[in-house]
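Since the structure comes first, as structure tokens, the remarks are kept for the end.
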Amino acid sequence: MTFGEQPAYLRVAGDLRKKIVDGSLPPHTRLPSQARIREEYGVSDTVALEARKVLMAEGLVEGRSGSGTYVRERPVPKRVARSGFRPAAGATPFRQEQADASVRGSWESSSEQAEAGIAIAERLAVKPGDRVMRTKYLFREAGEPMMLSTSWEPLAVTGRTPVMLPEEGPLGGMGVVERMRAIDVIVDNVTEEVGARPGLAEELHVLGGVPGHVVVVVQRTYFASGRPVETADVVIPADRYRVSYHLPVK
């Protein structure tokens with residue numbers, strides 16, 4: 001194989017991908033069998049199998065037990081808002097978007113005290129093992145799971161205060177900025193790092209995906225005078241949603 005030349009399985013996968021994208025192989029159509037791929041492209045069984053694996057990992061096809069491999073219906077990506085603007089009520093970007101009468105959104109959450117692992121301790125500038133409040137969220141659109149989020153807040157900041165539980169109490173459900181302000185902690189900066197990775201099995205089980213599907217991960221941290229007071233991981237299926245940012249102009 002010369003420099004820059006693709007392996008045979010990628011060339012086969014690329015041609016099949018093109019047929020899926022241009023509609024030659026429409027949704028719910030059975031993908032050519034391994035034997036058919038071998039004959040049509042003049043490749044080995046191993047190459048044909050690896051090409052099918054590529055398309056499955058990309059989420060373009062799915063296996064159906066006892067039936068074969070079929071082209072998946074490609075969802076039209078929807079928008080998930082991330083915003084630097086906040087209304088007077090202090091709602092989070094998700095709650096702002098879900099306030100639209102045409103959108104049917106809901107969410108559920110659970111909070112528990114936990115020990116900060118090494119990675120979270122670094123993000124919160126605390127020691128590994130320090131106590132944090134961990135809150136897990138599942139967001140739904142029209143009843144369908146569409147986003148996961150896990151947040152961590154150091155109990156050295158919120159412990160024994162009215163805002164210790166993010167979704168309970170007089171400020172339950174308000175944004176981090178508003179909750180922290182209530183205990184005289186003034187949030188003055190927030191950072192978000194956006195990346196992508198294969199979804200974890202437990203994430204895809206909840207969000208409705210197949211192994212190999214990619215998720216977008218937004219790693220968010222709120223700061224007050226340089227001190228991290230909350231950090232979170234937001235997980236979104238990359239094939240169904242696009243992250244849309246609305247940032248204030250200064």
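Taking Cα pairs under 8 Å and at least six residues apart, what relative contact order does the chain come out at, in percent? Relative CO of the chain lands at 18 percent. Residue by residue, the range 44-61 carries 3J(HN,Hα) couplings of 7, 4, 5, 5, 4, 5, 5, 5, 5, 4, 4, 5, 5, 5, 7, x, 7, 9 Hz when phi is fed to the Karplus relation 6.51 cos²θ - 1.76 cosθ + 1.60 (θ = phi - 60°); x denotes Gly or Pro. Counting only DSSP beta bridges whose two residues both lie in the chain, roughly 90 percent are antiparallel.
Working from Cα positions, state the angle (0 to 90°, nearest 10) between the long axis of helix 8-21 and the longest principal axis of the chain. Tilt relative to the chain: about 70 degrees. Treating r as the C-beta distance of residue 29 and residue 191 and R0 as 51 Å, the FRET efficiency rounds to 0.70. With the charge dipole of the chain set up from +1 on Lys and Arg Cβ and -1 on Asp and Glu Cβ about the Cα centre, the Cα lying farthest toward the positive end among the listed residues 137, 70, 190 is that of 70. Close amide H contacts of residue 213 (hydrogens built in the peptide plane, cut-off under 5 Å, sequence separation of 5 or more or a different chain): 199. Evaluated with a Cβ-only charge set (Lys, Arg +1; Asp, Glu -1), the chain carries a dipole of roughly 420 debye about its Cα centre, given to the nearest 20. Dipole magnitude for the range 8-71: computed about the Cα centre from +1 point charges on Lys and Arg Cβ and -1 point charges on Asp and Glu Cβ, it is near 60 debye.
Working note: 222 nm ellipticity from helices only, DSSP H runs with n ≥ 4, each -39,500 (n - 2.57), summed and divided by the residues of the chain, gives -7000 deg cm²/dmol to the nearest 500. 3J(HN,Hα) along the range 172-178: x, x, 7, x, 4, 4, 5 Hz, from the Karplus curve 6.51 cos²θ - 1.76 cosθ + 1.60 with θ = phi - 60°, whole Hz, x for Gly and Pro. In this structure, the amide hydrogen of residue 25, modeled 1.01 Å from its nitrogen in the peptide plane, lies closer than 5 angstrom to those of 20, counting only residues at least 5 positions away or on a different chain.
Only the coordinates and a few stated rules stand behind these numbers; no lab work does. Keep in mind the model is a prediction, meaning the values are calculated, not measured. Note that we place each Cβ from the backbone using ideal geometry, even for glycine, and neighbour counts take in every protein chain shown.
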